[in-house]
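The values are calculated or read from the model by the stated rules, or taken from the named source; none is laboratory data. Since we're looking at a predicted model, the values are computed, not measured. Here the Cβ is made from the backbone with ideal geometry for all residues, glycine too, and neighbour counts use every protein chain on show. In case anyone asks, the SASA skips ligands and DNA or RNA and just uses the protein heavy atoms, side chains included. Shrake-Rupley method; radii C 1.70, N 1.55, O 1.52, S 1.80 Å.
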Amino acid sequence: MANKSVLKSSFFALALIPFSQQAYAQQCSINLNYGVIIDPKHIRIVDKAKTQVQINNATQLFIKGREIALSSEQQQLLTSFSVGIRQQVPEIVSIAIEGVDIGLKAVNEVVAGLTGENSASQQKVQAKFEELKWRIRARFNQSANNYYIAPQDLNNLDEMFTGEFEQEIEAMISTSIGTILEAVGQSILANDNSNEFDGETRITTFDKRLTTLSKGLELEVAERAKALDIKAENFCQQLTYLDQLETKLHQAIPALKEYNLIESSN
């Protein structure tokens, strides 16, 4: 059936629309020089699986296991930095999941439109979507309010998604295509009555139906992707502010200068 390449390219284009929005990547030049582990009571800055800096309850500071006595001014800076880290690091996870969710929901709607809502094909695709989102959470080791972010260049957020997760999306779509086409093909053949012209007409109609579904969803997806782009840009701005706050923290607590977590060239 000639529709396979059309279906796959249409699905893949829909799924990747959120990741084609690259304005934020061009405006955001941020590096995380260390790993960051966050749980409800602690923030740990990690290098090669060893905790170098630990902040307890946003007020208590340890460097290489030794507590650092803090003045009220130093403690205030530490608290502000800790609150910022707790707010912004989980945003990486949120942006990743939302970006994938936008595209995959669009694909899911196409599948439902072609094979029927809650059809076996649609349910299989939905299950794969949920598995992929679980894999994204697992990448960040997210469990309840626990996060782990490895050292990385956040300027390449889009490359991270369209690299590692693009392969996941493509594999997921590829394995679903056969089932979807089989369901559509059976529908065509069931009404074909061995009339070749009718069969070709139905295939053409199917192509047009797919195109119409895709175009309608492209507009919806593009709007949501634009909103995500704004969210990612705001995330970048907040991290740039945190970098400036970290500089003040280093000036107030010289022992922390060795551990420059956030590096911004903005």
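Accessible area per residue for region 22-122, computed on protein heavy atoms with a 1.4 Å probe, is 46 Å².
With the charge dipole of region 46-132 set up from +1 on Lys and Arg Cβ and -1 on Asp and Glu Cβ about the Cα centre, the Cα lying farthest toward the positive end among the listed residues Val100, Ala127, Ile85 is that of Ile85. When peptides 101-108, 242-249 are sorted by average Cβ neighbour count within 10 Å, with the highest value leading, the order is 101-108, 242-249.
Over region 69-111, what percent of the accessible surface lies on carbon and sulfur atoms, probe 1.4 Å? The value for region 69-111 is 45 percent carbon and sulfur by accessible area.
Excluding same-chain residues fewer than 8 positions from Lys208, which lysines have a Cα within less than 20 Å of its Cα? Lys208 reaches Lys4, Lys8. Measuring against 32 Å, Cα to Cα, the residue pairs Lys48/Lys133; Lys64/Lys226; Lys41/Lys133; Lys64/Lys133; Lys50/Lys128 contain Lys64/Lys226; Lys64/Lys133; Lys50/Lys128 as the ones spanning a longer distance. Provide, in order from the shortest bin, the percent of all Cα-Cα pairs of region 106-154 in each 5 Å bin, continuing until the bin that contains the maximum pair distance. With 5 Å bins starting at 0, P(r) equals 5, 20, 18, 14, 11, 12, 11, 7, 2.
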